[in-house]
Amino acid sequence: MEISVEYHPGEVQVIVRGPEDSEELLRILSLLRGEQDKLWGWDEHRTMVAISPQQIIWAEMVENKVFVYTEKAMYQTSFGLSDLEGRWEEMGFFRCAKSVVINLNAVTSLRSCPGGRIEARMVTGEKVVVSRRYAPLLRARIQEGG
């Protein structure tokens, strides 16, 4: 990949060139779009906060409410887990259980567990279990390099 930057006065313009079916190009585009794409959630004081996808470590559904976890805080959101997974899958979001989505970019290690499950250790030190239903999908995704 070649990167060149030109400085000009005025509006910022980004031009990305590459083959149409390039995985690398798709990742770059999703990262660029992700900076503009925010999720709104509220903290324990009911203060609305804009959260970028890169900040999200993992998300879970508890009693029909979705909570997203960052390195510093937890927020409730009106988004569903399917929304998070579908919206930011290209950025590393992965459904690892019926009620949990993780950001693969926030995983520091993976460990096989009995019963075909996988334990994912997150950058925050938390351990999230990838269920046996989703473990083969994770293994395939890792082998693909994504």
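Structural remarks
- Probe 1.4 Å, protein heavy atoms only - accessible area per residue of the chain in square angstrom: 69 Å²
- The chain, dipole about Cα centre (Lys/Arg Cβ +1, Asp/Glu Cβ -1), debye to the nearest 20: 840 debye
- Selection from 74, 12, 62, by position along the positive dipole direction of the range 1-143 (Cβ): 62
- Just the protein heavy atoms count here, and of the accessible area of the range 1-139 at 1.4 Å, carbon and sulfur take up 50 percent.
- Filter on 38/127; 38/98; 72/127 - keep pairs with C-alpha separation over 22 Å: 38/127; 38/98
- The chain, helix-only ellipticity at 222 nm - DSSP H runs n ≥ 4, -39,500 (n - 2.57), divided by all residues, nearest 500: -6500 deg cm²/dmol
- Crossing angle, helix 23-36 versus the chain [Cα axis fit, 0-90 degrees, rounded to tens]: 90 degrees
- The range 82-119: trypsin sites (Lys or Arg not before Pro) in DSSP coil with no more than 15 other Cβ atoms inside 10 Å: 98
- Labels on offer are (i) 15.1, 49; (ii) 17.7, 59; (iii) 17.1, 59, and the one holding Rg and Dmax of the Cα atoms in Å computed from this structure is (iii).
- Farthest toward positive dipole pole in the chain [+1 Lys/Arg, -1 Asp/Glu at C-beta], among 103, 142, 115: 115
The values are calculated or read from the model by the stated rules, or taken from the named source; none is laboratory data. Note that the structure is predicted; figures quoted are calculated from it, not measured. Neighbour counts run over all protein chains shown; Cβ positions are idealised from the backbone, glycine included. The protein model used for the area step is the full one, side chains on, heavy atoms only, and it has no ligands, DNA or RNA in it. Shrake-Rupley method; radii C 1.70, N 1.55, O 1.52, S 1.80 Å.
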